[in-house]
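Take a look at the structure below.
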Amino acid sequence: MKKYKVLVLIPEIEESHRELLLKTLGENCELYFEIEQAPVEEIHGIIIFRFEGVLNLELLKKMRSLKYIQAITAGIDHIPVKEISSLGIRVEGAPGSNSHFIAEHAFAMILSAIKKICFHTASMRRGEFHQEFIHRTLYGMNLLILGFGTIGQAVARIARVFDMKIRVFKKHSEIPEEFIGSVEKVYTSKPELDEAWGWADYIVLALPLTDETRGFIGELELRKMKRDVVLVNVARGKLIDEEALYRHLSENPDFIACLDTWWVYPEQGQNFMQHYDFASLPNVVMTPHVAPKVQGFFENMIINASKRLLSRLEEGWA
């Protein structure tokens, strides 16, 4: 049996993660956790968490046997894929590691927003007792899911519990058999969404960030939506035009944005700030990109990425 040489470059790795990798890949792969210890010209595959500060193109050019880089993250927008691909090296993410946790978080944000959980908690701490509000519901409402990979599908599974009417946007019209009958319409091009923007009561963004999807929702799309829609982003901040969203939220107090992903991420020790002051708006529910973070989430990422890497190497990417 051929043993593949795999370089693991995850600065955050702990001893338990090393043991997990060895358990998952040890029979088939020789693992190296430091570049200095690795036979650079003989490496077949690399596992990474992030690219910047860990890898560079000059080093990759020296890896004559390298054919495949596996990120443990689902998205790979933080990796210079085009430049790496020009070297004959394939780059992939590892979707599905924590999709159900991310979908769960999306609904937690939605329910918190429409039931005014944060408002009621804060007001009751002040001794107030507001029963005059009429809250919104999910039951029987219209849900548009933008992106129907593992996260979008997990969102749809939860939505069925609330008997929501589901429409999705994806590259191709085919959907998994389990959703036939519960997804009432599939859009495969952005122009088709013109009828969906005004139909949706809730919109969940689960698209990857690419050149085609950057700024996918801007001023034009926002104006086509219902004035009281709930827009949820658990994918990437830059899928939405930041200025357009801020202005739309400021001008439409019934419009709600639930945001877990952002345009600007603070360095360690810095304050959270965006180009526009979303924190001052009462119709924004905010979390600091923590949707997948439950016990064992990092281990899930490592196991999923390891299995995908081995599968690709065995398919001939080495």
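Within region 143-168, how many residues turn out to be among the polar types (S, T, N, Q) and touching a residue at least 60 places away in the same chain (Cβ under 8 Å)? Lay out the reasoning, then the answer.
Keep residues of region 143-168 that are among the polar types (S, T, N, Q), which gives 150, 153.
Then keep just the ones that are touching a residue at least 60 places away in the same chain (Cβ under 8 Å); that gives 150.
The qualifying residues number 1.
Tell me which residues, restricted to region 183-223, are out of contact with any Ser or Thr (no Cβ under 9 Å at 6 or more places or on another chain), among the β-branched types (Val, Ile, Thr) and surrounded by fewer than 19 Cβ atoms within 10 Å (Cβ to Cβ).
Listed by number, the list holds a single entry, THR210.
Restricting attention to region 169-182, and to residues there that are hydrophobic (A, V, I, L, M, F, W, C) and open to solvent by 20 Å² or more (accessible area, probe 1.4 Å), which single residue is nearest to ARG236 (Cα to Cα)? Give the derivation first.
First, pick out the residues of region 169-182 that are hydrophobic (A, V, I, L, M, F, W, C): 169, 175, 179-180.
Keeping just the survivors that are open to solvent by 20 Å² or more (accessible area, probe 1.4 Å) gives 169, 175, 180.
On the way: PHE169: 16, ILE175: 23, ILE180: 28 Å.
Filtering region 169-182 for residues that are hydrophobic (A, V, I, L, M, F, W, C) and open to solvent by 20 Å² or more (accessible area, probe 1.4 Å), the one nearest to ARG236 (Cα to Cα) comes out as PHE169.
Taking GLN37, is it on the phi < 0 side of the Ramachandran plot and open to solvent by 40 Å² or more (accessible area, probe 1.4 Å)? So that I can check it myself, show each step before the final result.
Working: on the phi < 0 side of the Ramachandran plot: yes; open to solvent by 40 Å² or more (accessible area, probe 1.4 Å): yes.
Yes: the conditions hold for GLN37.
Name the single residue, out of those in region 121-168 being part of a helix (DSSP H, G or I) and β-branched (Val, Ile, Thr), that is least open to solvent (accessible area, probe 1.4 Å).
Of all residues in region 121-168, those part of a helix (DSSP H, G or I) come to 121-125, 150-161.
Remaining after also requiring β-branched (Val, Ile, Thr): 121, 150-151, 155, 158, 161.
On the way: THR121: 60, THR150: 59, ILE151: 33, VAL155: 0, ILE158: 49, VAL161: 99 Å².
Across region 121-168, the extreme among qualifying residues is VAL155.
Condition (residue is open to solvent by 60 Å² or more (accessible area, probe 1.4 Å), over 18 Å from the mean Cα position of the chain (by Cα) and under 30 Å from TYR4 (Cβ atoms)) applied to region 282-303: is it met by at least one residue?
No.
Free of Cβ contacts under 8 Å to residues at least 40 places away in the same chain and in contact with a strand residue (DSSP E or B) (Cβ under 9 Å, 6 or more places away or on another chain): does that describe GLU184?
Numbers: free of Cβ contacts under 8 Å to residues at least 40 places away in the same chain: yes; in contact with a strand residue (DSSP E or B) (Cβ under 9 Å, 6 or more places away or on another chain): yes.
Answer is yes for this residue.
Considering only residues that are of a type outside the set (Lys, Arg) and in contact with a strand residue (DSSP E or B) (Cβ under 6 Å, 6 or more places away or on another chain), which ones fall in region 162-181? Give the derivation first.
Pass one, region 162-181, residues of a type outside the set (Lys, Arg): 162-164, 166, 168-169, 172-181.
Selection gives MET164, ILE166, VAL168, PHE169, SER173, ILE175.
Please go through region 236-278 and give me each residue that is among the hydrophobic types (A, V, I, L, M, F, W, C), open to solvent by 10 Å² or more (accessible area, probe 1.4 Å) and within 19 Å of LEU143 (Cβ to Cβ), ordered by number.
ILE256
Does at least one position in region 12-19 carry a residue that is more than 28 Å from the chain's Cα centre (by Cα) and open to solvent by less than 20 Å² (accessible area, probe 1.4 Å)? Walk me through it before giving the result.
Applying the first criterion (more than 28 Å from the chain's Cα centre (by Cα)) to region 12-19 yields none.
Checked against the condition, which is being more than 28 Å from the chain's Cα centre (by Cα) and open to solvent by less than 20 Å² (accessible area, probe 1.4 Å), region 12-19 yields no hits at all.
Specify the residue that is farthest from LEU207 (Cα to Cα); the eligible residues are those in region 45-67 that are in contact with a Phe, Trp or Tyr (Cβ under 9 Å, 6 or more places away or on another chain) and buried (at least 22 other Cβ atoms within 10 Å of the Cβ).
Restricting to residues being in contact with a Phe, Trp or Tyr (Cβ under 9 Å, 6 or more places away or on another chain) and buried (at least 22 other Cβ atoms within 10 Å of the Cβ), the top hit is GLY45.
Does ILE114 qualify as being surrounded by 16 or more Cβ atoms within 10 Å (Cβ to Cβ), farther than 23 Å from GLU314 by Cβ, in contact (Cβ under 8 Å) with a residue 60 or more places away in the chain and of a type in the set (A, V, I, L, M, F, W, C)? Don't jump to the end; show me each part of the working.
Values: surrounded by 16 or more Cβ atoms within 10 Å (Cβ to Cβ): yes; farther than 23 Å from GLU314 by Cβ: yes; in contact (Cβ under 8 Å) with a residue 60 or more places away in the chain: yes; of a type in the set (A, V, I, L, M, F, W, C): yes.
Against the criterion (surrounded by 16 or more Cβ atoms within 10 Å (Cβ to Cβ), farther than 23 Å from GLU314 by Cβ, in contact (Cβ under 8 Å) with a residue 60 or more places away in the chain and of a type in the set (A, V, I, L, M, F, W, C)), ILE114 qualifies.
Quick one: would you say ILE175 is part of a loop (DSSP other than H, G, I, E, B) and among the hydrophobic types (A, V, I, L, M, F, W, C)? Working first, answer last.
Values: part of a loop (DSSP other than H, G, I, E, B): yes; among the hydrophobic types (A, V, I, L, M, F, W, C): yes.
Yes; evaluated as a whole, the condition is true for this residue.
The values are calculated or read from the model by the stated rules, or taken from the named source; none is laboratory data. Keep in mind that what you see is a predicted model, and the values were worked out from it rather than measured. Note: ideal-geometry Cβ built from the backbone for every residue, glycine included; neighbour counts use all protein chains shown. Only protein heavy atoms, including side chains, enter the accessible area calculation; ligands, DNA and RNA are left aside. Shrake-Rupley method; radii C 1.70, N 1.55, O 1.52, S 1.80 Å.
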